[in-house]
1. Which aspartates and glutamates does residue 253 reach when only Cα atoms under 15 Å apart count, and residues fewer than 8 places away in its own chain are ignored?
2. Give the relative contact order (percent, whole number) for the chain; include only Cα pairs under 8 Å separated by 6+ residues.
3. Would you calculate a helix-derived [θ] at 222 nm for the chain, using -39,500 (n - 2.57) for each DSSP H run of n ≥ 4 and dividing by the full residue count, to the nearest 500?
4. Which of the lysines could be linked to residue 96 by a straight reach, that is with a Cα gap under 29 Å, when you skip same-chain ones fewer than 8 residues away?
5. I need the shape label for the chain. Rule: rounded when a/c is under 1.5, else prolate if a/b > b/c, else oblate, with a, b, c from the alpha carbon gyration tensor.
6. Count neighbours as other Cβ atoms within 10 Å of each site's Cβ, and list the GluC sites (Glu not before Pro) in the stretch 413-479 that are DSSP loop with at most 11 such neighbours.
7. So how far apart, in nm, are the two label points at residue 462 and residue 485 if each is 7 Å from Cα heading toward Cβ?
8. With a 10 Å radius around each residue's Cβ, average the other Cβ atoms per peptide and rank 384-397, 609-622, highest first.
Amino acid sequence: MKNYSDLWLGYKKKTHNRDCKNLNKISFTGVDETDAVAVNASEELKTGLKTMLDIEPEIVFGTPGVTGTVSNGSEILDNEEYRISLSDEGIVVEAKSGTGILYGAFDILRTVAVEKDVIEAYGKGIVVRPSNPLRMLNHWDNMNGDIERGYSGESFFFADNKIVINERTRDYARLISSVGINAVVINNVNVKDAASYMITDRYYDKLAELGEIFAGYGIRLFLSLNYASTIEIGGLDSADPLDEKVIAWWRTKMAEVFDRIPTLGGFLVKADSEGRPGPFTYGRTQADGANMLADIVKEYGGIIVWRCFVYNCKQDWRDRKTDRARAGYDNFMPMDGEYHDNVILQIKNGPMDFQIREPVSPLIGGLKKTNQMLEVQIAQEYTGHQIDVCYLIPMFKEILGFKTYCSEKDDSVADIISGKTLNSRYSGIAAVTNTGNDYNWTGNYLAGANLYGFGRLAFDTELTSEQIAEEFVRMTISDDDDVVRDVMSILLPSRAIYEKYTCPLGIGWMVQPATHYGCSVDGYEYDRWGTYHRADHLGIGVDRTDKGTGYALQYNEPNASMYNSPEKCPDELVLFFHHLPYTHRLHSGKTVIQHIYDTHFEGYEEAKGLAGKWDALKGRIDDEIYENVRERFERQLINAHEWCDQVNSYFYRKSGIPDEKSRTIW
Ligand code: GCU
């Protein structure tokens, strides 16, 4: 018995495709049995079809190198692409690589699992290509086994400063490759203590083994790197990227690292951020630091993913000119075009830090000559800690669909990170995740929808939130149509509800600083982190217009003018960009203060509604799943109640303006 769940790879019994003869024979074209990934694909198909339909398919391997061109010769397949069609004898999966075959195999398994008809799905033939070159997970696991912002148990990569490889490792690779993830950073971006020694003999063998397991599922292993390794483990007194001694040390080190971990894809670097070392110490730019490392890893096919989360975290709250939101753009835009071609800048979706509502970072679409990668967070750091239900895919869809106006066409965030807009080879999307040793990997079963959904969306940005939710529920919880409908009706509005009972109108940050869970309206108001709501008895909001910090002007037109004007700015972000009186009327027709009251009362009521819907699932779904989420809903309601009453009381006391509907405000 495993001590963890299979999540969506649980392969429940089906009847729907039972008589489908095509499933008896599946041909892999383009690869042979020597391809480890294709062999894993064949194993997965056998397990899945046996469990779901009691079918034992014959799997036939083709010859490598013969295809790559699909049967009609019209299309050359890319490396991770696949084609599925039906022949007289069965199903044919064609690909240029084992990874393409694996994705094709998971496509077939998904089709069966969600009870789509095989003939309908593949009768006309489909060619599927991932939307993004890099589809990455960033784990913030520390080597002592803790996970930074972990809400689903301890690390399964590390314990007691050692690398752990066990049954769960392979199943993790299966799980994430099944949704199309192709790159994983296993250690925290804050690389300290034992993690600094990751690139030493102490860990090479285990890392090589881990990299091999991942490679068997089309996943490349990446590591977070300590920028000051030359000092921490190299015995030098500098980490200056232009210092010859530093460069020579890295050259020798990287030769060793790639020799010992041949599957390594490269590194993720958090430099000059929240106390981490970086090139600024030596008067150098972020480009100097990134390029130095990138030039060295280039000969091994490595890439450097360099984070743009660089800001002053020792600000004075009295200072109204310094604006943390501006920092990414100010620090990285001036070197646009200077980053070398195996550097990717990884940019958090918003300019602050994963709040429930932020505008899209103006760096995305600001940078016009630089490889870009979007960073989102599925670890629910500010969005309910996997206690509160918060299905994040609708938010990711909004971000991906945002028009940056960086070019005449193909200017959305999705276009940019896919590589289409700038014709970039290296680009994509990364999610900070915290899957841990909990039985169900993600703490709350419903939080699994974010892990599932992130992968599916990264692979195919055209999928809708509804499609993704439905697939997840059918595969993970139940394929009973009524249950599917009921669980979807919990997931889909959950982000909007969380937003309603927490931070209004884009203001963010009213959380408990110690944990980032629970309400504390002034928790971040008088500190050093650049995170203020600036509420007084007349109004609230941060003036980021041309008369304030000027942040709004970092956007391309017409976004800059839209955000700069309180009349044109969308309601949901109006307090992010403007300091407004409580009596200011929003587009919705409500005043700011009435909006705060209404959304908080509604949010709490709607959260109760979600919990009620979940209660009604008792006996209709697996008890373990039911109990797991029920217990969390209990905590969510306490949380939502506190948020509602504290936010409403705070603003009533500040403004003295009563609720039009005379509800109880404390
Ligand atoms: C946030 C988060 C930190 C994390 C940081 C980052 O500030 O609270 O835990 O290290 O983001 O993204 O690097």
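1. Straight-distance partners of residue 253: 201, 232, 244, 295, 299.
2. On the way: 1370 pairs, mean separation 79.0, N = 666.
With pairs under 8 Å counted, the relative contact order is 12 percent.
3. On the way: 18 runs with 236 residues, N = 666.
The helix contribution divided over the chain gives -11500 deg cm²/dmol.
4. 21, 25, 46, 50, 116, 124, 298, 420
5. Working: a/c = 1.73, a/b = 1.21, b/c = 1.43.
Verdict is oblate for the chain.
6. Working: sites: 462, 466, 470, 471; in loops: 462.
Sparse-neighbourhood loop GluC sites (Glu not before Pro): 462.
7. 2.9 nm
8. Values: 384-397: 24.9, 609-622: 14.9.
Sorting 384-397, 609-622 by mean packing, highest first, produces 384-397, 609-622.
Rule-based calculations on the coordinates, nothing more; no lab input. No experiment lies behind these values; they were computed from the predicted model shown. Positions of Cβ are generated from backbone atoms using ideal geometry, with glycine treated the same way; all protein chains shown enter the neighbour counts.
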